[in-house]
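Written below as structure tokens is the structure these notes are about.
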Amino acid sequence: GGNRDPPGLIPLVNRLQDAFAALGQSCLLDLPQIAVVGGQSAGKSSVLENCVSRDFLPRGSGIVTRRPLVLQLVTAKTEYAEFLHCKGRKFTDFDEVRQEIEVETDRITGVNKGISSIPINLRIYSPHVLSLTLIDLPGITKVPVGDQPPDIEVQIRDMIMQFIARENCLILAVTPANTDLANSDALKLAKEVDPQGLRTIGVITKLDLMDEGTDAREILENKLLPLRRGYIGVVNRSQKDIDGKKDIKAALLAERKFFLSHPAYRHMADRMGTPYLQKVLNQQLTNHIRDTLPAFRSKLQSQLLSIEHEVEVYKNFRPEDPTRKTKALLQMVQQFSVDFEKRIEGSGDQVDTLELSGGAKINRIFHERFPFELVKMEFNEKELRREISYAIKNIHGIRTGLFTPDMAFEAIVKKQIVKLKGPCLKSVDLVMQELINTVKKCTKKLATYPRLCEETERIVAGYIREREEKTKDQVLLLIDIQVSYINTNHEDFIGFAKYVYRYFGIKTGTNLPPSRQIVIRKGWLTINNIGIMKGGSKEYWFVLTAESLSWYKDDEEKEKKYMLPLDNLKVRDVEKSFMSSKHIFALFNTEQRNVYKDYRFLELACDSQEEVDSWKASLLRAGVYPDKSSTENDENGQADNFSMDPQLERQVETIRNLVDSYMSIINKCIRDLIPKTIMHLMINNVKEFINAELLAHLYSSEDQNTLMEESAEQAQRRDEMLRMYQALKEALAIIGDISTSTVSTPAPPPVDDSWLQQARRSPPPSPSTQRRPTLNNPPTRPLSGRGPAPAIPSPGPQSGAPPVPFRPGPLPPFPSGGEAHGGPPQVPSRPTRAPPSVPR
């Protein structure tokens, strides 16, 4: 430290605000407002003016301030004032400011002493002030005069409350020394909104006007009527001084002299006067700023971290380097390739948590969407039977056949296989769409170079469409191959003999191989339609195997509730109810029997449609198909004029079952082959193309310079980023400076200020019956039971760096700590002990 004066708080906060302006953000140091409260003509306006070191407020006797004046101080390079009600007009002469305040007050309140709560907003720009808000409030008055309404006291009180109730408002409670402090309205109001006394500072004015032989020493020592933050005495200019144009600097010197030469006050002269008031206010601001810094710093640091990586890249940017564009092109293509690969193959970094995309989406198309599409086009039962019977009759022609013809079976099977083309081609389309979406997502990272981005997207999307054609050809070929030869010797085909056995009820081996017990799926489902009587639907743990659907109490699978065989079961959708957020599907028995106990349907509910689809796809694998009949039942009328003899019916049933058996083989085969074909011909091929050929295509599409033109936004972003990075570092450095060059002072301990409540509760006794203690005639001894209360801590030399003055404008020298300038030596004050009194 030595004698080096620490940097003032004002320049530091200003630098911080400049740094934030550079970031294009506002600095969130919400500095406290300072409101001046007191009785009429207590000297509030003078105290305020002294804080700003400028004469600009109207003065006189009676009620002068009749509207709140909200004074915003703003740090600026030059000094001028501006009113909100006449925007754009700059006042450099402060006498004009005073006149404007008087005119504006009269405009709203009338000439005759009326008051109004509409504030006058004045901004003073100056290099000598901290950016904060001071509020000059009308004086508290009891008796209406002139145009004032009878409830003037209540009106003024409400107006004051509105300002001082805010948590970040420091209250200067101003009381003249020649009145009764115990009944000070200013202190009572402050006590109401600030019971802890943490933001109230007592200011005693007019000490030079006290009766001969009296003084306010015990008050100022904070012994008589203690306040937590104590009192500060000030001596303002008298009306005579003002009329005689005594300027503020001279007034401060006179005030200094008054305290140093007055026997009652000179032992605490360094804790009296306007400069000390400024210092205390300044310390309050410093405390406030220091309290808000940690949160502030961590916000800045997280901002800095978030851009660090990007800035690193920009720092090494050399626009004139000839190899830069080639390097960038190679990097970008490589990055695109890696990105595409990761999105398809899946990877741990940059996982999309909002939706399925890339490889996962394609996986879903392969294993849920595609099988489901295959089954959805399952045949209309009645239609199929009719087709089979016509086929049989047409094959027999004019004769009546005794045996079931093979050709009928083949004709029907071929027709069914051809129907598979639709779902297969649809799945190719879906995969293509997802690949193109993935390419779009990957090219987002190339946005720095708009041409490169467009070209890459065009070339790769073009290639994907090319591959789509080839894949579709191959898929159609696969279907044609299946149509070209119907293999009735396939080991999974039931065949005619086996079918006849089964049809006539001969069992061909009852032991199921263990492979049929494979678990297809497990998961939680809610049984929706059961238990409504017993208090609502309930969640169970379901296990689906190839044979049955069981449910358990929970996923430990210890307590089995029920096991439902899958024979003759089908699935149907259930309308989502208006009240419920659940998605529901139902299982039922096609033989018109109850599914479970005496329920026809078992309704199962999930949280999302995706889950429903997924369960349906699993049930499909277990051979439980979606129900198609529900829609066809109404068309009975016209269908039933078609009659069959029992023999034909038996033949139709036989072929129907053989078709079913054969189609399940084809379905299984197609379900397996189509994804493999798409994977080989489309997905792997596109990956290969991006890795090996994209770069060559880019080189031949246009010259490298046009491809690698940077977007204007990118250049601008780079500059902004670097600027922001500097500004953030600067702001953090300034915060560091503020932390190291300022000191936080702890709040003084609470004092017994019950005198304020007593004064508030009992009505003041009439002057005739009792002599009140006023500052002119204090009681002869301190009020009982109270020891000396702490004065305001004045950070002396022992508390680190001295606090910074409220404005670095020229101030008369005043002693701090131990060096007195032209007075008796000072006693350094300590934060917790009242200063020793000096004998009078």
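The values are calculated or read from the model by the stated rules, or taken from the named source; none is laboratory data. Note that the structure is a prediction, hence the values are computed from the model and not measured. Note that we place each Cβ from the backbone using ideal geometry, even for glycine, and neighbour counts take in every protein chain shown. Heads up: the accessible areas ignore ligands, DNA and RNA and are worked out on the full protein's heavy atoms, side chains in. Shrake-Rupley method; radii C 1.70, N 1.55, O 1.52, S 1.80 Å.
Some observations on this one:
- Region 546-592 - residue that is of a type in the set (S, T, N, Q) and more than 20 Å from residue 626 (Cβ to Cβ) and, of those, surrounded by the fewest Cβ atoms within 10 Å (Cβ to Cβ): 581
- Candidates 679, 721, filtered to the one that is out of contact with any Cys (no Cβ under 6 Å at 6 or more places or on another chain) and outside the structural domain of residue 346 (by the TED database): 721
- Residue within region 197-209 that is without any contact (Cβ under 8 Å) to a residue 12 or more places away in the chain, open to solvent by 30 Å² or more (accessible area, probe 1.4 Å) and more than 44 Å from the chain's Cα centre (by Cα) present: no
- Any hit, region 75-84, residues being more than 28 Å from residue 15 (Cα to Cα), over 38 Å from the mean Cα position of the chain (by Cα) and either assigned by the TED database to the domain that holds residue 47 or assigned to a loop (DSSP other than H, G, I, E, B) (or both): no
- Checklist (1) without any contact (Cβ under 8 Å) to a residue 24 or more places away in the chain; (2) under 28 Å from residue 188 (Cβ atoms); (3) open to solvent by 10 Å² or more (accessible area, probe 1.4 Å) applied to residue 246, failing item: (2)
- Filter result (open to solvent by less than 50 Å² (accessible area, probe 1.4 Å), in contact with a Leu (Cβ under 7 Å, 6 or more places away or on another chain) and farther than 30 Å from residue 222 by Cα) within region 726-748: 727, 728, 731, 732, 734, 735, 738, 739
- Considering 235, 174, the condition of being free of Cβ contacts under 8 Å to residues at least 60 places away in the same chain, under 30 Å from residue 263 (Cβ atoms) and touching a helix residue (DSSP H, G or I) at 6+ places or on another chain (Cβ under 6 Å) is satisfied by 235 alone.
- Check on residue 183, exposed (fewer than 14 other Cβ atoms within 10 Å of the Cβ) and either closer than 24 Å to residue 34 by Cβ or not β-branched (Val, Ile, Thr) (or both): no
- Lone unmet requirement of (1) open to solvent by 10 Å² or more (accessible area, probe 1.4 Å); (2) within 48 Å of the chain's Cα centre (by Cα) for residue 190: (1)
- Only residues that are more than 49 Å from the chain's Cα centre (by Cα) and either buried (at least 24 other Cβ atoms within 10 Å of the Cβ) or within 16 Å of residue 271 (Cα to Cα) (or both) were counted in region 216-235, giving 8.
- The lone exception for residue 137 - which of (1) over 19 Å from residue 46 (Cβ atoms); (2) more than 38 Å from the chain's Cα centre (by Cα); (3) not aromatic (Phe, Trp, Tyr) it fails: (1)
- Among residues of region 409-427 that are of a type in the set (S, T, N, Q) and part of a helix (DSSP H, G or I), those with a Cβ under 8 angstrom from a residue that is open to solvent by 60 Å² or more (accessible area, probe 1.4 Å) and at pLDDT below 90, sequence gap 6+ or separate chain, pair up as 427/369.
- In the set (1) at negative phi; (2) open to solvent by 50 Å² or more (accessible area, probe 1.4 Å); (3) modelled with pLDDT of 80 or more, residue 7 fails one condition alone, (3).
- Of all residue pairs spaced 6 or more apart or on separate chains, those with beta-carbon atoms under 9 Å, a first member in region 545-557 that is at positive phi and a second member that is among the hydrophobic types (A, V, I, L, M, F, W, C) and open to solvent by less than 60 Å² (accessible area, probe 1.4 Å) are 557/541; 557/543.
- Filter result for residue 264 (assigned to a loop (DSSP other than H, G, I, E, B), within 30 Å of residue 173 (Cβ to Cβ) and among the aliphatic types (A, V, I, L, M)): yes
- Any hit, region 285-292, residues being of a type outside the set (Val, Ile, Thr) and either at pLDDT 80 or above or within 30 Å of residue 608 (Cβ to Cβ) (or both): yes
- Residue in region 462-470 that is aromatic (Phe, Trp, Tyr) and part of a helix (DSSP H, G or I) present: yes
- When region 307-328 is filtered for residues that are exposed (fewer than 10 other Cβ atoms within 10 Å of the Cβ) and modelled with pLDDT of 75 or more, the ones remaining, listed by number, are 309, 323.
- So residue 263, is it surrounded by fewer than 22 Cβ atoms within 10 Å (Cβ to Cβ) and touching a residue at least 60 places away in the same chain (Cβ under 8 Å): yes
- Unique residue being among the charged types (D, E, K, R) and assigned to a loop (DSSP other than H, G, I, E, B) when the list is 249, 257, 240, 245: 245
- Residue 117 open to solvent by 50 Å² or more (accessible area, probe 1.4 Å), of a type in the set (Gly, Ala, Ser) and assigned by the TED database to the domain that holds residue 159: yes
- Test: residue 103 is in a loop (DSSP other than H, G, I, E, B) and over 39 Å from the mean Cα position of the chain (by Cα): no
- Taking the criterion of being in contact with a Gly (Cβ under 6 Å, 6 or more places away or on another chain) and either among the hydrophobic types (A, V, I, L, M, F, W, C) or free of Cβ contacts under 8 Å to residues at least 24 places away in the same chain (or both), the only residue of region 103-146 that qualifies is 140.
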